[in-house]
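Every read-out reported here was derived from the displayed coordinates using simple, explicitly stated rules and does not represent laboratory data. As the structure is a computational prediction, the values presented were derived from the model and not from experiment. Cβ atoms come from the backbone with ideal geometry, glycine included; neighbour counts cover every protein chain shown.
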Amino acid sequence: MFVLYTVDLISVIESHRLSVHRYADDRQAYGSCQPTVVNNFMSRLSGCCEAATSWMGSNRLQPNPDKTEVLWCTTSQRQHQLPTRPLVIGGCSVYPAASVRDLGAYVTIPKILYSG
């Protein structure tokens, strides 16, 4: 029943040109972009999160900022181009993480090592 109840949320996410991964009561929005338009992608992601939060509020659901994570994936040569500012979701700041848990598995992005 929960899947039927939240099926419209998928349309909200897809309307922002993002893809959705769903498992049980978990929803993940993801997408990709060229390094030159990462700020535009960040704005699109923020807009999607705000629209999803609004949809949830109108459907008597509440997002859980403690379980919300942002992970940027790129090559080590492009890591310096990634945004470091937080994604604001429902008034809460969600900073990019170096590691996230997805269905029990941890996904980790290695840190750039600089030699001096």
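Can you compute the radius of gyration and Dmax for region 2-108, using only the Cα atoms, both in Å?
Cα-based Rg and Dmax for region 2-108 come out at 14.0, 44 Å.
If I model a spin label at SER15 and GLN77 as a point 7 Å from the Cα along the Cα→Cβ vector, what separation in nanometres do I get?
4.0 nm
What is the fewest-to-most order of SER46, SER99 by other Cβ atoms lying within 10 Å of their Cβ? Provide the component values of the computation, followed by the final result.
Working: SER46 16, SER99 11.
Going from least to most buried by this count: SER99, SER46.
So, in nm, how far is label THR36 from label VAL94 when the simple model puts each one 7 Å beyond its Cα toward the Cβ?
Taking the simple label geometry, THR36 and VAL94 are separated by 2.9 nm.
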